[in-house]
Amino acid sequence: MTPRYDLGFRPDIEGLRAAAVLAVLAFHATVPGMTGGFAGVDVFFVVSGFLITGLLLRDISATGRFSLAEFYARRARRLLPAAGVVLLATVAGAWLLLPPLRGGDIAGDVIAAALSIANWRAVAGQTDYLAAERDPSPLLHYWSLAVEEQFYLLWAPLLLVTALLARRLGRGAVPAIAVTVVALTCASFALSLWWTALSEPLAYLASPSRAWQFGAGALAALLMPYGSRFPRGADRDGPDAGGGRRPRSAAGVASAALGLGGAAAIAWSVVAFDSTTPYPGTAALVPTLGTVAVVLFRSPVSAALSLGPVRALGRLSFSWYLWHWPVLVLAEAALGTQPWPVRLALVLASAVPAALTMRLVENPLRLSKVVASLPRRGLALGTTAMTVPVAAALLLNGGAVQGAATTAHVTAADVPVTTLQPPPAQARDDFPKSKGCEIGLTATTSPACLFGDPAAKDRIVLIGDSHAGQWFAAAERVAVRRGWALEVLTKPGCPLPRLTVVDPRLGREYHECDTWREYALNRLAAGPPPRLVLVASLNAYATDRASLTRAWDSTLHRLTRIGAPLVYLRDTPLPGEDVPACLSGGPVDDCSFPRDRGLRPDPLAEQIVAGERPGVRLLDVTPLLCPGTAASCPAALDGIVLYRDDVHITDTLAVRLAPRIEQDLEDLDLIPTVL
């Protein structure tokens, strides 16, 4: 006999949504003690899997099938109108508050969100060395909505096909669905563990590694008809025939304990987890199984979650989640980074537009009998809700390109208006012409990467991370003008000093960097000595001078043993902000950055100047990029955009400085003079 699935209305689940959204909001507001509030998203995933699977099972158990059109229409009515309103509002906010190039970035975010692929765009951004350094998108939180929508897109057809195949084979639909859910949940969890170890951002944001949490909710829905949500009726405490209190049954005690344990697991996740927790991985089992326990077992928590005020917040949770992050990000774009009390106030204030959206858009369209009467109306509504923001995003992007082109001018006092080179709209792509030499994230070896005359007897070696790679133009000039070869050995995000770092793109220790560094040093030692070795590296991998000095000791000892002159190019100033985006929005002077922030201490440079590093010479262009003793450093000089992002110089600047680098090397008698 096929069990009947009719979950009915669950007020406690409405309240559980409130708890989940409050955890997320507190986390984004950086409220002290709420460092694991991101686990609220896990609660949403489990609840979605539970409710959606329960609804589908209800129809399957009653009729053996369900209407996909009706299912998708309900989802469109429920999610897309409110999501579309927030997308439109974000486009307007970006146009008003952000520089044009940032508006162009957000236009892409809007389109990705409308197409339900925001999570994959976020994966690309989080795992890209350059994009990961940009300011956060006001639509980054749409990644979780995209994961849910991808789940809905595939889950309903999967269950329907499974039920129809089981029926054709004369088997029960529910057992077949249960087997399918268990298999997919286990496979997704295994993938989640693998990806968490390989690339944490991928595991966190990708739908395949999150599907197991929906699957956990689906398994909870499959268990409901078998009495797993107990006690019911006489199982509860109550008066017996003699007027006394009937003792709570063992089942009731177990239910209360499991429900309370589940709530405690969620709460523990919120306060115990933080950015160092490998996630999702095994850690995500805690809030996931905790949510399953709260959903399945009655406890005092169920009663607390069913209270009217808690349920009211639960009804607001979807709109509030959509609104809080754009409000926070756009406000900080205008006001600067704020302390947590201000961030919390902004998040709480976002409840106002959320309530208006729920009252004027979300509920009227979701509950409209006219829209609900035909699936095609709901689908048309959802399509319109996403098409309008996309059109607005395209207009924003067009305005961003035009704005970047028309506002990119030097307007400092007593300086003629001069068009910047490269234009801010192109500065982000102004990379060195050494494509393929700055190897990828997980690569541990480098290609030959020879420039100039590859067959020449003499060669220059440029070695380090992307801060070495940015000097390609200067190194190439020196090699080409002398008929030498240039060998490039660079790996972005990988310190040349012997430091093991945590890479934010992977969310773990960057072991590939250690392997590559060893490979690069061995490769140099095994080959013929070069005429010159140019070394550069970001100097912000470590703040402890002693550990950084020890790390350089190991690397420089091996480099000096090669027998070639060794030159350290001191790291360039670090603006700490997206310079092209800033320049696209106004005068150059507004994009200057504080000298004390941009000019970090460089222990190695200081030791070379003091004569404590024999065999190592220093080249320092800092006085050129941040001249004088003013409190700030410029973002552009003499019509040249100095930085292509927040940490790297433009190739245009490197080309402009190449003759100066060459002259300095000649003055140090490290290379022959060429007339």
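The values are calculated or read from the model by the stated rules, or taken from the named source; none is laboratory data. Given the structure is predicted, the values throughout are model-derived calculations rather than measurements. We place every Cβ from the backbone using ideal geometry, glycine too, and count neighbours over all the protein chains shown. We work out accessible area using only protein heavy atoms, side chains counted, and drop any ligands, DNA or RNA first. Shrake-Rupley method; radii C 1.70, N 1.55, O 1.52, S 1.80 Å.
One line per residue, one yes/no per condition, for (1) in a helix (DSSP H, G or I); (2) more than 22 Å from residue 647 (Cα to Cα); (3) among the hydrophobic types (A, V, I, L, M, F, W, C):
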| position | (1), (2), (3) |
| --- | --- |
| 497 | no, no, no |
| 500 | no, no, no |
| 516 | yes, yes, yes |
| 521 | yes, yes, yes |
| 534 | no, no, yes |
| 539 | no, no, no |
| 542 | no, no, yes |
| 546 | yes, yes, yes |
| 553 | yes, yes, no |
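Among the residues making up the range 634-659, those that are open to solvent by less than 50 Å² (accessible area, probe 1.4 Å) and free of Cβ contacts under 8 Å to residues at least 60 places away in the same chain are 634, 653.
The residue pairs whose first member lies in the range 65-79 and is among the hydroxyl-bearing types (Ser, Thr, Tyr), whose second member is open to solvent by 20 Å² or more (accessible area, probe 1.4 Å), and whose beta carbons are closer than 9 Å, counting only pairs six or more residues apart or on different chains, are 67/59; 67/375; 72/153; 72/375; 72/379. Evaluate the range 521-533: report whether one residue or more is under 30 Å from residue 203 (Cα atoms), out of contact with any Pro (no Cβ under 7 Å at 6 or more places or on another chain) and open to solvent by 10 Å² or more (accessible area, probe 1.4 Å). Checking the range 521-533: not a single residue is under 30 Å from residue 203 (Cα atoms), out of contact with any Pro (no Cβ under 7 Å at 6 or more places or on another chain) and open to solvent by 10 Å² or more (accessible area, probe 1.4 Å).
Of the residues that sit in the range 203-217 and are crowded, with 24+ Cβ neighbours inside 10 Å and aliphatic (A, V, I, L, M), which one is nearest to residue 151 (Cα to Cα)? Looking at residues that are crowded, with 24+ Cβ neighbours inside 10 Å and aliphatic (A, V, I, L, M), I get 211. Of the candidates 452, 507, the single residue that is at pLDDT below 95, crowded, with 22+ Cβ neighbours inside 10 Å and over 29 Å from residue 125 (Cα atoms) is 452.
Scanning the range 42-59 for residues that are open to solvent by 10 Å² or more (accessible area, probe 1.4 Å) and either among the aliphatic types (A, V, I, L, M) or modelled with pLDDT of 95 or more (or both) yields 44, 48, 51, 55.
Considered as a group, the residues in the range 617-633 that are under 24 Å from residue 662 (Cβ atoms) and in contact (Cβ under 8 Å) with a residue 40 or more places away in the chain include one that is most open to solvent (accessible area, probe 1.4 Å), and that residue is 617.
Contact map, the range 507-530: first residue closer than 17 Å to residue 559 by Cα and of a type in the set (Phe, Trp, Tyr), second residue open to solvent by 70 Å² or more (accessible area, probe 1.4 Å) and not in a helix (DSSP H, G or I), Cβ cut-off under 9 Å, separation 6 or more or different chains; pairs are 516/445; 519/445.
Restricting the search to the range 332-347, which residues are assigned to a helix (DSSP H, G or I) and free of Cβ contacts under 8 Å to residues at least 40 places away in the same chain? Don't jump to the end; show me each part of the working.
Initially, the range 332-347 is screened for residues assigned to a helix (DSSP H, G or I), giving 332-335, 340-347.
Scanning the range 332-347 gives 332, 335, 341, 342, 345.
For the range 391-421, the set of residues classified as modelled with pLDDT of 90 or more and within 29 Å of residue 90 (Cα to Cα) consists of 391 only.
Residues in the range 22-50 that are of a type in the set (Ser, Thr, Tyr) and part of a loop (DSSP other than H, G, I, E, B): 30, 35.
Could we say that residue 90 is under 22 Å from residue 38 (Cβ atoms), at pLDDT 90 or above and either open to solvent by 30 Å² or more (accessible area, probe 1.4 Å) or polar (S, T, N, Q) (or both) here? Answer is yes for this residue. For the range 162-199, residues that are under 30 Å from residue 511 (Cβ atoms) and open to solvent by 30 Å² or more (accessible area, probe 1.4 Å) total 10.
Of the residues that sit in the range 428-449 and are at pLDDT 90 or above and among the acidic types (Asp, Glu), which one is farthest from residue 649 (Cα to Cα)? The selected residue is 429.
Total residues in the range 94-110 satisfying the condition of being open to solvent by 10 Å² or more (accessible area, probe 1.4 Å), touching a residue at least 60 places away in the same chain (Cβ under 8 Å) and more than 17 Å from the chain's Cα centre (by Cα): the figure is 7.
Residues of the range 431-449 that are of a type outside the set (A, V, I, L, M, F, W, C) and surrounded by fewer than 22 Cβ atoms within 10 Å (Cβ to Cβ): 433, 434, 435, 436, 440, 442, 444, 445, 446, 447. Among the residues of the range 267-293, those identified as hydroxyl-bearing (Ser, Thr, Tyr) and touching a residue at least 24 places away in the same chain (Cβ under 8 Å) are 269, 275, 277, 279, 282, 288, 291.
For the range 535-554, which positions are in contact with a Leu (Cβ under 7 Å, 6 or more places away or on another chain), open to solvent by 10 Å² or more (accessible area, probe 1.4 Å) and either basic (Lys, Arg) or within 28 Å of residue 666 (Cα to Cα) (or both)? Within the range 535-554, 552 is the sole residue that qualifies.
Would you call residue 298 modelled with pLDDT under 90, basic (Lys, Arg), out of contact with any strand residue (DSSP E or B) (no Cβ under 9 Å at 6 or more places or on another chain) and crowded, with 19+ Cβ neighbours inside 10 Å? Spell out the reasoning first.
Working: modelled with pLDDT under 90: yes; basic (Lys, Arg): yes; out of contact with any strand residue (DSSP E or B) (no Cβ under 9 Å at 6 or more places or on another chain): yes; crowded, with 19+ Cβ neighbours inside 10 Å: yes.
Considered against the rule, which asks whether it is modelled with pLDDT under 90, basic (Lys, Arg), out of contact with any strand residue (DSSP E or B) (no Cβ under 9 Å at 6 or more places or on another chain) and crowded, with 19+ Cβ neighbours inside 10 Å, residue 298 comes out as yes.
The number of residues in the range 555-571 that are out of contact with any strand residue (DSSP E or B) (no Cβ under 8 Å at 6 or more places or on another chain) and either surrounded by fewer than 14 Cβ atoms within 10 Å (Cβ to Cβ) or over 20 Å from residue 602 (Cβ atoms) (or both) comes to 4. Looking across 580, 601, 614, one residue alone is open to solvent by 60 Å² or more (accessible area, probe 1.4 Å), touching a residue at least 40 places away in the same chain (Cβ under 8 Å) and either at negative phi or in a loop (DSSP other than H, G, I, E, B) (or both). It is 601. Tell me, please, whether a residue that is closer than 26 Å to residue 181 by Cβ, at pLDDT below 95, within 37 Å of the chain's Cα centre (by Cα) and of a type in the set (Phe, Trp, Tyr) can be found in the range 217-235. No; the residues of the range 217-235 include none that is closer than 26 Å to residue 181 by Cβ, at pLDDT below 95, within 37 Å of the chain's Cα centre (by Cα) and of a type in the set (Phe, Trp, Tyr).
Scanning the range 309-320 for residues that are open to solvent by 30 Å² or more (accessible area, probe 1.4 Å), among the charged types (D, E, K, R), assigned to a helix (DSSP H, G or I) and without any contact (Cβ under 8 Å) to a residue 24 or more places away in the chain turns up nothing. Of everything in the range 583-598, what is in a strand (DSSP E or B) and out of contact with any Leu (no Cβ under 9 Å at 6 or more places or on another chain)? Give them in sequence order. The answer is 594, and nothing else. Just checking, does the range 33-40 include any residue being under 27 Å from residue 383 (Cβ atoms), open to solvent by 20 Å² or more (accessible area, probe 1.4 Å) and either more than 19 Å from the chain's Cα centre (by Cα) or not polar (S, T, N, Q) (or both)? Scanning the range 33-40, I find no residue that is under 27 Å from residue 383 (Cβ atoms), open to solvent by 20 Å² or more (accessible area, probe 1.4 Å) and either more than 19 Å from the chain's Cα centre (by Cα) or not polar (S, T, N, Q) (or both), so the answer is no.
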